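The values are calculated or read from the model by the stated rules, or taken from the named source; none is laboratory data. As the structure is a computational prediction, the values presented were derived from the model and not from experiment. Glycine gets a Cβ as well: all are built from the backbone with ideal geometry, and neighbour counts include every protein chain shown.
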Amino acid sequence: MGNNNRSALLKKPSESARLIFSAVVGVALGFFFGVLFQTFSITSLSLLPNITSTIDIAFVDNGQPFGHDIPSASKQHTNRSRTSRSHGSGDSLKIYVPTNPRGAELLAPGIVVSETDFYLRRLWGDPNEDLTTRPKYLVTFTVGFDQSKNIDAAVKKFSEDFTILLFHYDGRASEWDQFEWSKRAIHVSIKRQTKWWYAKRFLHPNVVAAYDYIFIWDEDIGVEHFDPEKYINIIKKHRLEISQPALEPMRGMMWEMTKRRSSSEVHKETLDRPGWCVDPHSPPCAAFVELMAPVFSRDAWRCVWHMIQNDLVHGWGLDFALRRCVEPAHEKIGVVDSQWIVHQLIPSLGNQGERKGMKAAWQRVRERCKLEWSRFHTRLVYAERQYFAGLGKG
């Protein structure tokens, strides 16, 4: 019995020593791993700017990303942090640029491309070598293939300084391939639509921003006495923002303002029938061109495009409202007499309508034109009255 008691007493100090040793080892290991994890975290965080900088320059060609300079990594990180604070985010890599175009606020400004053009691109090679020329002007015709000979003669007047864009209202776009120039033209084909329908949908100011001037012409224009290059030089000389070539006065009915004068290079005002012009500086005696062959500067078109109504496709009434897009309108809207055209008066688009009862297709189209004129005028007057009423001037 005595031996057994002594054995039990000897075991207790041994177990206590092991427990104490285990605790000390556990604390030491915990301290070691804690220090190691903290060091690893700090090192990882310090490497983040370098990692993101590597990502930023991953697609650099010859030291330049897409033709733009890259700021230093530290500067990029600083800019991103500053932007993040203004956005209210704790993520230093968050991008938010309120001055970017609407919808592009989450993109870095250097990658935002807000404007485009109709320049044709290759499917191969270096993109920087795609374009041998960059046309400065755009000419559009709304066409049916029945007028192909007339359009062929017109297009041949325009040099490679002009992008050619054809809007096909009859769906026969492929038949134009017989013309050599058609290979460099842009073709848009939707049946039974007007040029102002096309213009609203395909000539957004940001789409045509590469062009100094935009010609939006009908298909029944004779250009025997018209030189596009000389015309451009004249409207630049006279600082015309909205213009048209004069019309041969021997052909059909036309406004007095748009008739050709043989004694002048350009005219900006006229005398019309008594009572037609309340103000000599207002349409149709000044600040007025017709809609068959208008030419717009880039800046003027940006305004006019916004004024075109989405549902009023014939554009009637728009010619009287163009003056709202330039100032002073009676000086910046004019008719070029020395470069003149012939309006051939071919009612081809009218035949795209539908007959109903005793009314022919063209009659129903004409009724729609008159209806649109009335509605456009009503909308314009109402919008301006609402604006001035908001200013307390209504």
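Things worth noting here:
- Number of the exception - residue 216 against (1) of a type in the set (Val, Ile, Thr); (2) free of Cβ contacts under 8 Å to residues at least 24 places away in the same chain; (3) closer than 30 Å to residue 277 by Cα: (2)
- Where residue 148 falls short, out of the listed (1) over 23 Å from residue 297 (Cα atoms); (2) buried (at least 19 other Cβ atoms within 10 Å of the Cβ): (2)
- Single unsatisfied condition, residue 254 versus (1) within 24 Å of residue 143 (Cα to Cα); (2) part of a loop (DSSP other than H, G, I, E, B); (3) modelled with pLDDT of 95 or more: (3)
- Between 118, 167, the distinction of being within 20 Å of the chain's Cα centre (by Cα), at negative phi and outside the structural domain of residue 209 (by TED's automatic domain parsing) belongs to 118 only.
- Condition met for residue 345 (in contact (Cβ under 8 Å) with a residue 24 or more places away in the chain, surrounded by fewer than 16 Cβ atoms within 10 Å (Cβ to Cβ) and more than 23 Å from residue 285 (Cβ to Cβ)): yes
- All positions within the range 222-249 that are surrounded by fewer than 21 Cβ atoms within 10 Å (Cβ to Cβ), under 25 Å from the mean Cα position of the chain (by Cα) and not in a helix (DSSP H, G or I): 239
- Among residues that are among the charged types (D, E, K, R) and modelled with pLDDT of 95 or more, residue 117 is included.
- The helices (runs of 4 or more DSSP H) found wholly in the range 279-394 and carrying at least 2 residues that are among the aliphatic types (A, V, I, L, M) and either at pLDDT below 95 or closer than 21 Å to residue 202 by Cβ (or both) occupy 298-307, 361-390.
- Exactly one residue out of 301, 305, 340, 316 is in contact (Cβ under 8 Å) with a residue 60 or more places away in the chain and more than 30 Å from the chain's Cα centre (by Cα): that is 340.
- Considered as a group, the residues in the range 255-271 that are surrounded by fewer than 17 Cβ atoms within 10 Å (Cβ to Cβ) and not hydroxyl-bearing (Ser, Thr, Tyr) include one that is nearest to residue 297 (Cα to Cα), and that residue is 265.
- Residue in the range 190-200 that is under 24 Å from residue 342 (Cβ atoms) and surrounded by fewer than 19 Cβ atoms within 10 Å (Cβ to Cβ) present: no
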